[in-house]
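The values are calculated or read from the model by the stated rules, or taken from the named source; none is laboratory data. A quick note: this is a predicted structure, and the numbers were derived from the prediction, not measured. For neighbour counting, all protein chains shown are included, and Cβ atoms are generated from backbone atoms with ideal geometry for every residue, glycine included. Surface accessibility is based on the protein's heavy atoms, side chains included, excluding ligands, DNA and RNA. Shrake-Rupley method; radii C 1.70, N 1.55, O 1.52, S 1.80 Å.
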Number of protein chains: 2
Amino acid sequence: MIAEKVSEKTIRRLSHYARCLRLAKLKGESIVTSRQLASNCGISSAAVRRDLSIYGEFGKQGSGYNVDDLLVNLEKILGTTDPPPVIIIGAGSIGCALMVSGLNGTGGYSYEAIFDIDPGKIGKLCGESPIRSAEEIHGVIKDNHEVIAVIAVTRGAGQAALDLLIQAGCKAVLSFTLEPLKVPEDIEVRYVEVSTELDVLTHSMRRKERDPAMPKWSHS
Amino acid sequence: MIAEKVSEKTIRRLSHYARCLRLAKLKGESIVTSRQLASNCGISSAAVRRDLSIYGEFGKQGSGYNVDDLLVNLEKILGTTDPPPVIIIGAGSIGCALMVSGLNGTGGYSYEAIFDIDPGKIGKLCGESPIRSAEEIHGVIKDNHEVIAVIAVTRGAGQAALDLLIQAGCKAVLSFTLEPLKVPEDIEVRYVEVSTELDVLTHSMRRKERDPAMPKWSHS
DNA sequence: TTGTGATTGTGAATACTATCACAAATCAGA
DNA sequence: TCTGATTTGTGATAGTATTCACAATCACAA
Ligand SMILES: NC(=O)c1ccc[n+]([C@@H]2O[C@H](COP(=O)([O-])OP(=O)(O)OC[C@H]3O[C@@H](n4cnc5c(N)ncnc54)[C@H](O)[C@@H]3O)[C@@H](O)[C@H]2O)c1
Ligand SMILES: NC(=O)c1ccc[n+]([C@@H]2O[C@H](COP(=O)([O-])OP(=O)(O)OC[C@H]3O[C@@H](n4cnc5c(N)ncnc54)[C@H](O)[C@@H]3O)[C@@H](O)[C@H]2O)c1
């Protein structure tokens, strides 16, 4: 486990491998080959082996990888052996749906609490969790030194929510807002943007119409 | 507009630029520089210019880009001048939340219909849209030659939903399921995976703890 | 023990992407 | 009209990522 500089793309794929391994485990499989992982993730087997070889030698020539061992190692690499708690800020349609849907089967994550600023919502239930006042976030993050926050507030309130989280000591954020946020250097923010995915799909679809010679992407 | 092979990464950024331009338009700005776009998207101005130069010369040296013109051109490139309708399959927590939340301000997309197979749900309202039987998808896709489908069905039913969509002639899909799907060559499927984003965030957070010398990502 | 078939890990080659840095073009003001 | 301050578009370069292809290794059966 040396790993100087690893690309985000590789980390994404490791997460994917881990998910496949959990599934394989459920199906009772005890070994898996790079080719199987590759086909489940839509990439080449060489890419799988290359990704894993960055961190060590986890396989056995001739047979493949032990499912349990590889999963443990991947979780060690990702840091998800003991995953941090996740909180949601913004108890609107999206926030509540995420809370209700939950994070079962995603490797140990779970939503610990949901917050809002609307006094009319505070105290009401979202699934089985009471909606708490956004002012309480400060305390909750202090209690859980490490926490990931999901921002699902009204359009336009994204920066305010982010600032509140940062002030409370949060270092990792997943945002569903579409505004460009001002993010300090030491905070990691990632985005979920349905409309960008739609743009990518539209572009691909309309391009194929014009040029049916399926050139797919120049590179994944 | 030559563009032989363009990476998905570039397309994603173009989508991002388009979003920034819509915002700039709302704010009444009529020109924008590559540096402004860059700072809103968290990349370098050279990258912005490089991306745009793939498709033509849209700017004016010394001043920048005309907001309206560039937006029109980006939409032409993305194929979103007249965006395809979007449908949702699976009227559970996530599907309904997406429907209710809508796609306002995302460049013309809108959810046209939502489908489910649960007879207890069919006919009920999801926001203002009636939940329709999944059997009707066939007709709806025939009517709208081009359509993007969002899959938000129960875990385990993803492949069934995808197969139904493909049979109905759908070519572009955005899936919220976490299962590895078997996808034919001519169908484009993209995924929204909160748990992968959480893994990336966790990895980054835990890595910084061990090595506070902030090496961020090796790229992007 | 030896042979057979499968699979890993990786050097080398290829392909792709980002960054640098500057000439050419534009504008505003003297 | 001329000057200086900007900003674009892009050749050239540096840096990353992916693919190829194969020696090394292992499981197992004869
Ligand atoms: N990224 C995507 O793919 C995607 C998809 C759909 C919606 N969205 C976005 O998700 C966000 C939420 O959408 P929604 O339909 O759930 O909105 P909503 O209006 O239903 O809910 C927003 C909630 O946030 C609360 N809120 C507002 N400001 C807050 C603050 N500063 N702190 C805490 N809570 C606050 C409001 O009281 C409200 O309950 C919107 O920004 C929307 O644009 C994103
Ligand atoms: N990708 C993510 O980030 C993310 C986040 C949360 C949930 N999810 C996933 O989203 C999916 C939906 O979650 P949810 O909480 O809304 O589930 P849910 O159980 O609330 O709703 C699922 C709905 O799908 C319907 N359905 C089942 N099979 C169907 C079929 N073949 N055709 C049409 N409709 C069908 C069910 O009747 C139900 O109404 C799940 O797979 C979940 O794992 C993904």
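Criterion applied to A:Gly107, A:Gly156, A:Gly92 was being within 25 Å of B:Arg206 (Cα to Cα) and either assigned by TED's automatic domain parsing to the domain that holds A:Cys20 or out of contact with any helix residue (DSSP H, G or I) (no Cβ under 6 Å at 6 or more places or on another chain) (or both), and the one residue passing it is A:Gly107.
Going by what's in this entry, would A:Arg22 be described as open to solvent by 30 Å² or more (accessible area, probe 1.4 Å), over 14 Å from A:Thr106 (Cα atoms) and within 10 Å of chain B (Cβ to nearest Cβ)? Considered against the rule, which asks whether it is open to solvent by 30 Å² or more (accessible area, probe 1.4 Å), over 14 Å from A:Thr106 (Cα atoms) and within 10 Å of chain B (Cβ to nearest Cβ), A:Arg22 comes out as no. Here A:Val140 meets the list (1) surrounded by 15 or more Cβ atoms within 10 Å (Cβ to Cβ); (2) farther than 17 Å from A:Pro85 by Cβ; (3) modelled with pLDDT under 95 almost entirely, failing just condition (2).
In this structure, is A:Ser63 out of contact with any strand residue (DSSP E or B) (no Cβ under 9 Å at 6 or more places or on another chain), within 16 Å of DNA strand D (Cβ to nearest atom) and either within 14 Å of chain B (Cβ to nearest Cβ) or under 27 Å from A:Arg13 (Cβ atoms) (or both)? Considered against the rule, which asks whether it is out of contact with any strand residue (DSSP E or B) (no Cβ under 9 Å at 6 or more places or on another chain), within 16 Å of DNA strand D (Cβ to nearest atom) and either within 14 Å of chain B (Cβ to nearest Cβ) or under 27 Å from A:Arg13 (Cβ atoms) (or both), A:Ser63 comes out as no. Beta carbons closer than 6 Å, at least 6 apart along the sequence or on distinct chains, pair a first residue in region B:33-54 that is touching a residue at least 40 places away in the same chain (Cβ under 8 Å) and within 12 Å of another protein chain (Cβ to nearest Cβ) with a second that is more than 9 Å from DNA strand C (Cβ to nearest atom) and not in a helix (DSSP H, G or I) for B:Ile54/B:Ala3.
Kindly list, by first and then second residue, each pair from a residue in region A:192-203 that is in a helix (DSSP H, G or I) to a residue that is within 12 Å of ligand 1 (Cβ to nearest atom) and of a type in the set (Val, Ile, Thr), limited to pairs with Cβ atoms under 6 Å and residues at least 6 apart or on different chains. Taking only residues 6 or more apart or on different chains, the pairs are A:Ser195/B:Thr106. Considering region A:146-156 alone, what residues qualify as being at the interface with chain B (Cβ under 10 Å from one of its Cβ atoms) and more than 6 Å from ligand 1 (Cβ to nearest atom)? Answer for region A:146-156, where residues must be at the interface with chain B (Cβ under 10 Å from one of its Cβ atoms) and more than 6 Å from ligand 1 (Cβ to nearest atom): A:Glu146, A:Val147, A:Ile148, A:Ala149, A:Val150. Residues satisfying the criterion are present in region A:35-43 (criterion: touching a Lys or Arg at 6+ places or on another chain (Cβ under 8 Å), under 26 Å from B:Met205 (Cα atoms) and more than 16 Å from ligand 1 (Cβ to nearest atom)). Per the listing B:Gln167, B:Gln159, the residue uniquely modelled with pLDDT of 95 or more and away from chain A (no Cβ under 14 Å) is B:Gln167.
What is the residue count in region B:76-89 for residues that are part of a helix (DSSP H, G or I) and surrounded by fewer than 20 Cβ atoms within 10 Å (Cβ to Cβ)?
Total meeting the criteria: 1.
With respect to the conditions (1) under 20 Å from B:Gln159 (Cα atoms); (2) crowded, with 18+ Cβ neighbours inside 10 Å, A:Gly59 lacks only one, and its number is (1).
Among the residues of region B:18-63, just one is part of a helix (DSSP H, G or I) and of a type in the set (Val, Ile, Thr), namely B:Val48. Considering region B:170-182, and only residues there that are more than 22 Å from B:Asn144 (Cα to Cα) and at the interface with another protein chain (Cβ under 8 Å from one of its Cβ atoms), the residue that is farthest from ligand 1 (Cβ to nearest atom) turns out to be B:Pro180. Once region A:101-120 is narrowed to residues that are within 11 Å of chain B (Cβ to nearest Cβ) and surrounded by fewer than 18 Cβ atoms within 10 Å (Cβ to Cβ), the residue that is farthest from A:Glu135 (Cα to Cα) is A:Gly105. Does A:Val173 fit the bill of being under 30 Å from A:Leu52 (Cβ atoms) and within 16 Å of DNA strand C (Cβ to nearest atom)? So A:Val173 does not fit the description; no. Determine which member of the set A:Leu174, A:Leu178, A:Leu125 is open to solvent by 30 Å² or more (accessible area, probe 1.4 Å) and touching a helix residue (DSSP H, G or I) at 6+ places or on another chain (Cβ under 7 Å). None of the other options fit; the residue is A:Leu178.
Restricted to region A:92-190, the set of strands (runs of 3 or more DSSP E) holding at least 3 residues that are within 16 Å of ligand 2 (Cβ to nearest atom), in contact with a Leu (Cβ under 7 Å, 6 or more places away or on another chain) and in contact (Cβ under 8 Å) with a residue 40 or more places away in the chain comprises A:148-151. Please verify whether A:Ala47 is small (Gly, Ala, Ser) and open to solvent by less than 20 Å² (accessible area, probe 1.4 Å), treating the condition exactly as stated. Taking the combined requirement at face value, the residue does not satisfy it.
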